[in-house]
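Step one of this worksheet: look at the structure below.
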Amino acid sequence: MTHDHDLVLRPTEAQRAAALAPPPGRTGGDLVVETLCSLGANTVFGLPGQRALALFDAVGRSDLRFIGLRTENNAGFAADAYGRMTGEAVPLLLSAGPGALMALPALAEAAAASAPVVAISAQVPVAGLGGGRRGHLNELRDQSASFREVVKSVHSARTPSQIPSVIAEAWESALTAPPGPVYVEIPEDVLRDETVIPQVTGVDATPHELAPRPELTAVAAHWLENAARPVIIAGGGVIRSDAAGKLRLLAERVNAPVVTTYGGKGAFPWTHPLSLQSWLEDRHTTDFLEDADVLLVVGSGLGELSSNHHTFFPTGRVVQIEADLGKLESNHAALGIHADARLALQALLETVAEREDEAAPERVRLLLADIAARATPQAPDPDPAPAPAPAQDPEHQLRLLASIRAALPPRSPSFWDMTALSYRAWSAFDPKHPNTMHSAQGAGGLGYAFPAALGAAVAEPGTPVLAVSGDDGAMYSIAELATAVQHALDVTWLIVDDGGHDAPRETGANPTRPDFAALAASFGVPATTTTPQSLRTDLTKALKTPGPSLILLPTPPHP
């Protein structure tokens with residue numbers, strides 16, 4: 001009798017020949033590259049450094065496309081966006097010590113947004129590991145410890161034979177729901193020394209599916225179909241699991257209004273009769289959600305930005321579908337369903353009965369009308385407050401967002417830095433399609449938009465991509481204008497120059513800044529200084545022009 005676990009894949013004649021006569025001069029770096037290629041990688045991001053030269057030399061001998069950025073943090077942001085756009089694990093290659101540590105902010109954002117980045121870092125030689133303090137350049141007592149509280153999992157290879165299995169293990173971890181960044185560490189001499197290990201050809205790293213338990217979805221379905229006022233909150237997990245279609249079917253079946261979190265924008269059609277859009281910081285939206293007798297939360301932990309800064313307190317039953325076990329019931333008691341959003345929504349669709357509610361679209365319409373009226377008042381206030389600076393004026397911001405939306409092709413992705421216009425866009429911008437609007441709201445660091453947009457342009461060549469930054473966020477990424485030119489990437493960078501950190505002058509948060517248009521021109525990037533009135537025209541032209549471009553929108557700073 002033959003059991004399934006006794007079956008072993010036998011090598012082909014070609015594989016046998018390659019194994020018996022591997023090419024000469026191969027190193028541990030080649031084992032890394034061969035493993036990545038065997039896993040399906042075709043593009044890698046990173047920045048060469050001394051400890052990792054053998055790894056980058058191996059990349060140069062391979063068919064992998066290498067996208068080198070000017071700082072490790074920006075390389076991490078680009079890899080993050082590539083992973084978000086493709087849903088694939090993406091390698092980020094780093095050197096040791098400061099080179100590796102520079103990527104931590106980007107990996108923190110990838111962790112918050114569940115982007116499957118596989119960071120592979122060099123280390124000092126094996127003899128310098130373990131806190132021996134031998135004085136190696138780039139030496140840290142425990143480099144991996146710096147990453148352990150940031151990434152999803154940490155892996156290390158200390159010999160050449162460990163490399164394929166360690167990378168495959170990390171790859172599988174990065175892709176298994178909830179996806180996220182992982183960290184792999186390999187000493188310099190293991191990467192550099194020649195190896196007699198055969199070429200890597202048969203690596204498997206199939207991610208595990210996270211299916212819901214049927215007794216839980218049965219209860220959730222019963223609650224939904226018998227609810228009087230069901231409401232759905234759709235988070236980023238719906239986008240990551242490609243479940244927007246299933247979400248729409250479920251919402252229509254039970255006639256439940258849907259609000260999307262900032263990370264879940266695009267998960268539900270903006271203009272759908274049941275769409276509450278993304279006005280999560282509006283108190284009336286919070287009241288609407290609190291009034292639900294059954295609240296279905298899909299792919300969100302209801303963190304600070306998804307709960308109106310923790311002022312949201314549901315009064316009815318809560319069902320939470322979440323792939324990240326640590327987020328399950330972390331903020332509110334719920335019927336917690338630990339599952340991938342796509343699989344859980346499919347289970348509900350197979351279980352829940354149709355629910356009639358002709359009043360639901362009208363309740364949604366009234367709420368949105370009220371929000372719109374307060375966002376753009378029609379009558380003058382008899383006792384107006386001091387006028388806000390233009391950069392902070394909601395009406396001004398809404399006009400700018402309308403111009404951006406009109407200029408941006410519906411399926412073009414946009415990437416938003418942490419700046420005043422982005423904060424308004426979280427609520428007010430219509431992304432048109434799933435997975436087309438991304439921001440740094442996961443971890444909240446500056447400098448995300450432009451390098452992330454470059455990564456998206458690599459993932460989707462021929463598609464114009466938009467990056468939106470404030471003047472301070474832009475300063476983190478100026479060096480990547482060289483990257484955009486080097487790879488002829490179709491990214492238009494809109495910089496809203498309001499002269500500060502979106503903070504009053506007395507905080508000292510108004511540093512000197514450059515002439516962005518002149519600086520872009522020095523890199524050979526076409527630059528246009530625009531106005532609110534000409535923004536739509538200038539942005540449309542830039543997005544239609546191949547290659548990188550910069551649009552500068554000066555905005556008067558705080559008085």
Answer residue from the stretch 183-214, given it is farther than 18 Å from CYS37 by Cβ and part of a strand (DSSP E or B) and is most open to solvent (accessible area, probe 1.4 Å) among those: GLU194
Cross-chain or 6+ apart pairs with Cβ under 6 Å, the stretch 470-483 first and under 13 Å from MET418 (Cβ atoms), then of a type in the set (Phe, Trp, Tyr): SER477/PHE450
Residue satisfying all of: in the stretch 126-145; at pLDDT 80 or above and surrounded by fewer than 17 Cβ atoms within 10 Å (Cβ to Cβ); farthest from the chain's Cα centre (by Cα) among these: ASP142
Output for the stretch 280-300, where each listed residue is in contact (Cβ under 8 Å) with a residue 24 or more places away in the chain, surrounded by fewer than 22 Cβ atoms within 10 Å (Cβ to Cβ) and not basic (Lys, Arg): GLU281, ASP282, HIS284, THR286, PHE288, GLU290, ASP291, ASP293
Residue match in the stretch 413-423 (condition: open to solvent by 10 Å² or more (accessible area, probe 1.4 Å), among the aromatic types (Phe, Trp, Tyr), more than 25 Å from ILE67 (Cβ to Cβ) and touching a Lys or Arg at 6+ places or on another chain (Cβ under 8 Å)): no
Tally, over the stretch 484-503, of residues that are part of a loop (DSSP other than H, G, I, E, B), out of contact with any helix residue (DSSP H, G or I) (no Cβ under 6 Å at 6 or more places or on another chain) and open to solvent by less than 30 Å² (accessible area, probe 1.4 Å): 3
Residue in the stretch 470-483 that is in contact with a strand residue (DSSP E or B) (Cβ under 7 Å, 6 or more places away or on another chain), over 20 Å from ALA79 (Cβ atoms) and part of a strand (DSSP E or B) present: yes
Boolean, PRO434 is at pLDDT 95 or above and in contact with a Leu (Cβ under 9 Å, 6 or more places away or on another chain): no
Identity of the residue in the stretch 537-559, buried (at least 19 other Cβ atoms within 10 Å of the Cβ) and part of a helix (DSSP H, G or I), that ends up farthest from the chain's Cα centre (by Cα): ASP538
Test: residue in the stretch 382-399 that is at pLDDT below 95, touching a strand residue (DSSP E or B) at 6+ places or on another chain (Cβ under 8 Å) and either surrounded by 20 or more Cβ atoms within 10 Å (Cβ to Cβ) or among the hydroxyl-bearing types (Ser, Thr, Tyr) (or both): yes
Filter result for ALA218 (among the small types (Gly, Ala, Ser), open to solvent by 10 Å² or more (accessible area, probe 1.4 Å) and assigned to a helix (DSSP H, G or I)): yes
Check on ALA503, at pLDDT below 95 and in contact with a His (Cβ under 6 Å, 6 or more places away or on another chain): no
Evaluation of GLY180 against (1) open to solvent by less than 10 Å² (accessible area, probe 1.4 Å); (2) under 16 Å from LEU349 (Cα atoms); (3) assigned to a loop (DSSP other than H, G, I, E, B) (one fails), failing number: (2)
Test result for THR35, closer than 14 Å to THR195 by Cβ and of a type in the set (Ser, Thr, Tyr): yes
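The values are calculated or read from the model by the stated rules, or taken from the named source; none is laboratory data. Small disclaimer: the values here were computed from a predicted structure and weren't measured. Note that each Cβ is placed from the backbone with ideal geometry, even for glycine, and that neighbours are counted across all protein chains shown. We work out accessible area using only protein heavy atoms, side chains counted, and drop any ligands, DNA or RNA first. Shrake-Rupley method; radii C 1.70, N 1.55, O 1.52, S 1.80 Å.
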